[in-house]
Structure formats: structure tokens, C-alpha cells
Amino acid sequence: MNQDLLGRVALVTGAGAGIGRETALQMAGRGAIVCVNDLKDELVAPVVETIRSQGGQAFGVTQNIASREGIRDAIQRSFQHGKRFDILVNNAAWVRYQAIPEILPETIDRMLDVGFKSVIWSLQEAVAVMDPDRGGSIINVASVAALRSAASSVVYSGIKAGILGITRAAAAELGARHIRVNAVCPSAIPTEGTQRNRNAERDANRIARTPLGRLGTVEDIARTICFLASDESGFITAQALTVDGGLTVTNI
Ligand SMILES: NC(=O)c1ccc[n+]([C@@H]2O[C@H](COP(=O)([O-])OP(=O)(O)OC[C@H]3O[C@@H](n4cnc5c(N)ncnc54)[C@H](O)[C@@H]3O)[C@@H](O)[C@H]2O)c1
């Protein structure tokens, strides 16, 4: 595999499953030293083991990144382990879809803590440890829900649209430190997290509306994140890259 991330230290939040796990595996395959974060050792350890068994470098950072202290600890441990900090993938999310009359305060709070506030605190912490000359790359995992509307997704769409605003504002503020900040907007991707919201009929409907005629995969999204992490995208910042097989742009 291409070794374009050789020696770079990368933290992937929520890397115990789905898009985050595949991103961690691909980054390690491309030479990065990957800090695998998730909530529990049972989620973190198998990913670290897989990377090591494939000859890559990884270590686990079991931590709840939903608080300022949690994301700070995850980034500081990554920095201490690798003696540098180059790539941050804000991927972790806790998601519930609720129709407007059913939205609960605790749902909003938890979704905001994991998927929005942690991204802001992560910027603060990443800036403190990224080398000002070498810079770094921050990739925020947003969603096509930031661009288009889905059922019962007022909270989710609001948070993901906010992530795009954070991405642009942070890119403007951090460019002088050579830190690039971009986002990816995946369409529906089969993962552990989306399993209970999917069924054959819904998938068939999505595929029928997608010009490329299939659902996206975790591999599709991880490859895009790796591209945004690498020097191949060295003059790209403040962008949201939609990875959806054409779904959101062609079906009007
Ligand atoms: N899968 C999709 O269809 C899809 C589409 C668009 C965007 N996304 C976004 O992609 C990202 C990953 O989605 P996924 O489907 O792979 O999710 P997933 O649920 O399969 O995996 C997410 C991981 O994050 C971990 N996590 C949750 N809260 C955490 C916390 N506080 N601290 C640390 N880890 C935590 C979970 O334990 C889990 O292992 C999310 O930001 C999601 O919104 C997913």
C-alpha cells in the first residue's frame, strides 16, 4: 500500500466500529501511527490487534471524547505516545433520529456533546500539540444530512450542518499554522451504527436514486479521509467533500 502517511501520528475517534475502524486500518496501512479511540477496551483492542497483526503501528486510547477533558486526554495521550501529532479524524457520534414532537432534552445534549462540542474542544487541543511549521490535517466526519433533509433528523442535520460551519471557520483561523481542516459528507453507509435504521426496501430505494447504483462502503469513506489527511490534498482546506455516488446532486 501507498506509504504516504509514513510516521505521521493520527487520532481517529470512534475507531472501534464502522467508518472510524476502517479509517484507522487504512491509515495504518499507509504508514501512520494510529491512536485508536473508542469508549471501551473491548472495542479498541481488536482494532489495535488487527493493525499490529498486519505490520502496522497502533495503540489504544479508551476514552469518552464527549467532554472537554475526554477529548483533551485522547489528544494528549496520542501526542505523548507518538511524540508528534499530525492527523485528527473527528468521527465519533452518538445518533438518535426523533420526530420533532418526540425530541428529548437528553438526546440533544448527548448528540451535541459527542458530535459537536467535542469537535470544538478537539480543535483547541490539536492546535496546542500540532507542530506550527509542519502543520497538520483535521478531518470532520459530517453527513449528507448537513446538505439535504432526512426524516426525523432535525437534531442530526443541525449538528452536521454546524460541523461544516466549524470546518470552514477553523480552516480560516488555522491556515496560518499550516493546519488544514476539511469535512467529508457520506451518504448512508452500512455500519454497526446504522444497522437498526436500515432495511432491504430502504436500501433498494437509495440505490435506485444513486447515479453510481450502489450504497457507499466504509472503504469509500476511509479512502477519502486518507486523501484529505495526506499531502495529496495539500492545498485543500475548508472544504466538505460529499461521498455519495452522486445522490445529493443529481436527484432534484
Ligand atoms: N454510517 C452512515 O450511514 C453515515 C452516514 C453519514 C455520516 N456518518 C457519520 O460517520 C461517523 C461514523 O459513523 P458510523 O456509522 O461508522 O458509526 P458507528 O456507530 O458504527 O461507530 C461509531 C463509533 O463511535 C463510538 N463512540 C460513540 N460515542 C463515543 C464517545 N463519546 N467517545 C468515543 N467513541 C464514541 C462508538 O462506540 C462506535 O464504536 C459519524 O460521525 C456519523 O454521523 C455515518
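Just so you know, all these numbers are worked out from the coordinates, no wet-lab data involved. Just so we're clear, the structure is a prediction, and the values are computed from it rather than from any experiment. Neighbour counts run over all protein chains shown; Cβ positions are idealised from the backbone, glycine included.
What helices (runs of 4 or more DSSP H), lying completely within the stretch 143-252, carry at least 3 residues that are without any contact (Cβ under 8 Å) to a residue 24 or more places away in the chain and surrounded by 13 or more Cβ atoms within 10 Å (Cβ to Cβ)?
Fully inside the stretch 143-252 and qualifying: 154-174.
Condition check ((1) buried (at least 18 other Cβ atoms within 10 Å of the Cβ); (2) closer than 30 Å to residue 130 by Cα; (3) among the polar types (S, T, N, Q); (4) in contact (Cβ under 8 Å) with a residue 40 or more places away in the chain) across all residues:
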position: 79; (1), (2), (3), (4): yes, yes, no, yes
position: 84; (1), (2), (3), (4): no, yes, no, yes
position: 90; (1), (2), (3), (4): yes, yes, yes, yes
position: 96; (1), (2), (3), (4): no, no, no, yes
position: 105; (1), (2), (3), (4): no, no, no, no
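Which of the residues belonging to the stretch 1-56 are within 16 Å of the ligand (Cβ to nearest atom) and of a type in the set (Gly, Ala, Ser)?
If the condition is that a residue be within 16 Å of the ligand (Cβ to nearest atom) and of a type in the set (Gly, Ala, Ser), then 10, 14, 15, 16, 17, 18, 20, 24, 45 are the ones that fit.
Considering the stretch 227-240 alone, what residues qualify as being more than 15 Å from the ligand (Cβ to nearest atom) and within 12 Å of the chain's Cα centre (by Cα)?
Once the filter is applied, which keeps residues that are more than 15 Å from the ligand (Cβ to nearest atom) and within 12 Å of the chain's Cα centre (by Cα), the stretch 227-240 yields only 229.
Conditions first: (1) away from the ligand (no atom under 13 Å from the Cβ); (2) not in a helix (DSSP H, G or I). Residue 126 passes all but one, so which condition is the exception?
(2)
Restricting attention to the stretch 122-129, does a residue exist that is touching a residue at least 40 places away in the same chain (Cβ under 8 Å), charged (D, E, K, R) and surrounded by fewer than 19 Cβ atoms within 10 Å (Cβ to Cβ)?
no
Against the conditions (1) surrounded by fewer than 23 Cβ atoms within 10 Å (Cβ to Cβ); (2) under 21 Å from residue 70 (Cα atoms); (3) among the polar types (S, T, N, Q), where does residue 2 fall short? Just the number, please.
(2)
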